[in-house]
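Contents: one structure, followed by commentary.
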Amino acid sequence: MADLVEQEVIVGSGEFRYRFVDNWAKLPKGWQFLDVSAVAVDKQDQVYVFNRGGHPMIIFDRDGNVVSTWGENIFKRPHGLHMGPDESIYCTDDGDHTVRKCTLDGKVLLELGTPGQPAPALSGDPFNRCTHTALSPENDIYVSDGYQNTRVHKYSSAGKLLLSWGESGSERGQFSNPHNICCDAEGWVYVADRENNRVQVFDGNGKYETQWNQLFRPCALYQEYGTATRRTYIGELPTTLGSISGRPNLGACVKVVDKDGELIARIGGPHATQEPGEFVAPHGIAVDSHGDIYVGEVSYTSWAPTFPKIPRPEFLRTLTKLVKV
């Protein structure tokens, strides 16, 4: 990690301007995040980093000091993270095909799915490489069942399956990798339909309402909950198609959109790089009470398909703090 040198770079525009900090987390010697798949923040602004290194859940204070860790013997492949209003934390493991509701110190309160036993691909049954969770205003649990099932499932707070919707395709209500999900205070459900380059919006029972376009491989979703502005932060992955590799303004950024999906700000440079102020593969986003943004990236997984002719460096940046200025 010593090769990473902090450089002050300002990104974003208007009221969404941030100082880019790429070595904020003070990891002990010998520790690595590897891919940071998701991030969450509690009411004390402690930061929960769900990662694919040796310590799957690492908790930091606002200054980047390690507070504690857990999950070493629980998770197979961390993917999604959602902080509930009661500060239960929902952890989605796409390698284990499970969702676990946990306390902030790692005690498992509820488990959805059968560990290590995926449903048949495209069967519609939960789960086959599930990706993320969201909570309704009534505390029902939505699960995006993305990589192999192109499906959304709705559970009661006690873990009873209530309904499911979606199938493979590009029409309204169909999905091509529902990769993330969130729900607002009015009960609308937002699904990052990644490979269809859109976010689809549904009512609480899966009825299609509208969609947001002008997106590129939307991957991460974070929504300001319970606010009148209802702004959404969207992390976009880069292109992995050789025919358009290296072209500017195609993913590898964080976008802020309003309640109608209209662009407010683009955060990050035009290219996918490890340079300060740019991203490789934003995969998880959280915003704290100060308006600072934490961005987790799956740079290790994305490097080879994104940069097929460039050898992967030994260390890649996979967690960035953006301090509001």
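The values are calculated or read from the model by the stated rules, or taken from the named source; none is laboratory data. None of these values were measured; they are calculated from a predicted model. For neighbour counting, all protein chains shown are included, and Cβ atoms are generated from backbone atoms with ideal geometry for every residue, glycine included.
Look at segment 20-35: where a residue is outside any loop (DSSP other than H, G, I, E, B) and at pLDDT 95 or above, no partner that is hydroxyl-bearing (Ser, Thr, Tyr) and surrounded by fewer than 17 Cβ atoms within 10 Å (Cβ to Cβ) sits 6+ places away or on another chain with Cβ atoms under 8 Å.
Here is a yes/no grid of residues against (1) under 16 Å from the mean Cα position of the chain (by Cα); (2) within 24 Å of residue 83 (Cβ to Cβ); (3) of a type in the set (S, T, N, Q):
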site	(1), (2), (3)
197	yes, no, yes
209	no, no, no
219	yes, yes, no
237	yes, yes, no
253	yes, yes, no
260	no, no, no
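Scanning segment 40-58 for residues that are in a strand (DSSP E or B) and either charged (D, E, K, R) or free of Cβ contacts under 8 Å to residues at least 40 places away in the same chain (or both) yields a single hit, 58. Please determine whether any residue of segment 71-82 is on the phi < 0 side of the Ramachandran plot, exposed (fewer than 14 other Cβ atoms within 10 Å of the Cβ) and in a loop (DSSP other than H, G, I, E, B). Yes: segment 71-82 contains one or more residues that are on the phi < 0 side of the Ramachandran plot, exposed (fewer than 14 other Cβ atoms within 10 Å of the Cβ) and in a loop (DSSP other than H, G, I, E, B).
Here is a list: 103, 92. Which entry is of a type in the set (Ser, Thr, Tyr), surrounded by fewer than 22 Cβ atoms within 10 Å (Cβ to Cβ) and either touching a helix residue (DSSP H, G or I) at 6+ places or on another chain (Cβ under 6 Å) or under 22 Å from residue 182 (Cα atoms) (or both)? The conditions single out 103. Candidates in segment 83-109 are the residues that are part of a strand (DSSP E or B) and closer than 14 Å to residue 153 by Cβ; of these, the one that is nearest to the chain's Cα centre (by Cα) is 92. For segment 292-321, the candidate set comprises residues that are modelled with pLDDT of 95 or more and hydroxyl-bearing (Ser, Thr, Tyr); within that set, the residue that is surrounded by the most Cβ atoms within 10 Å (Cβ to Cβ) is 318. Is it the case that residue 77 is charged (D, E, K, R), farther than 19 Å from residue 277 by Cβ and either touching a Leu at 6+ places or on another chain (Cβ under 7 Å) or modelled with pLDDT under 95 (or both)? It is false that residue 77 is charged (D, E, K, R), farther than 19 Å from residue 277 by Cβ and either touching a Leu at 6+ places or on another chain (Cβ under 7 Å) or modelled with pLDDT under 95 (or both). When segment 140-171 is examined, which residues are found to be without any contact (Cβ under 8 Å) to a residue 24 or more places away in the chain and within 13 Å of residue 125 (Cα to Cα)? 162 - this is the single residue of segment 140-171 that is without any contact (Cβ under 8 Å) to a residue 24 or more places away in the chain and within 13 Å of residue 125 (Cα to Cα). Taking first residues from segment 309-322 that are under 30 Å from residue 290 (Cβ atoms) and partners that are among the acidic types (Asp, Glu), the Cβ contacts under 6 Å between residues at least 6 apart in sequence or on separate chains come to 317/22; 318/35; 318/297; 320/22. Taken together, the residues in segment 221-252 that are more than 21 Å from residue 178 (Cβ to Cβ) and either in a strand (DSSP E or B) or of a type outside the set (A, V, I, L, M) (or both) amount to 12. For segment 256-274, a residue qualifies if it is in contact with a strand residue (DSSP E or B) (Cβ under 6 Å, 6 or more places away or on another chain) and part of a strand (DSSP E or B), and the qualifying residues are 256, 257, 263, 264, 265, 266, 267. When residues in segment 226-265 are screened for being modelled with pLDDT of 90 or more and of a type in the set (Ser, Thr, Tyr), 3 of them pass. Could you tell me which of the residues 284, 277, 246 is in contact with a strand residue (DSSP E or B) (Cβ under 8 Å, 6 or more places away or on another chain) and surrounded by fewer than 24 Cβ atoms within 10 Å (Cβ to Cβ)? Within the list 284, 277, 246, the selection yields 277. Is there a residue in segment 115-124 that is in contact with a strand residue (DSSP E or B) (Cβ under 6 Å, 6 or more places away or on another chain) and buried (at least 21 other Cβ atoms within 10 Å of the Cβ)? No; the residues of segment 115-124 include none that is in contact with a strand residue (DSSP E or B) (Cβ under 6 Å, 6 or more places away or on another chain) and buried (at least 21 other Cβ atoms within 10 Å of the Cβ). Among residues of segment 60-75 that are of a type outside the set (S, T, N, Q), those with a Cβ under 7 angstrom from a residue that is outside any strand (DSSP E or B) and loosely packed, with under 12 Cβ neighbours inside 10 Å, sequence gap 6+ or separate chain, pair up as 66/28; 70/105.
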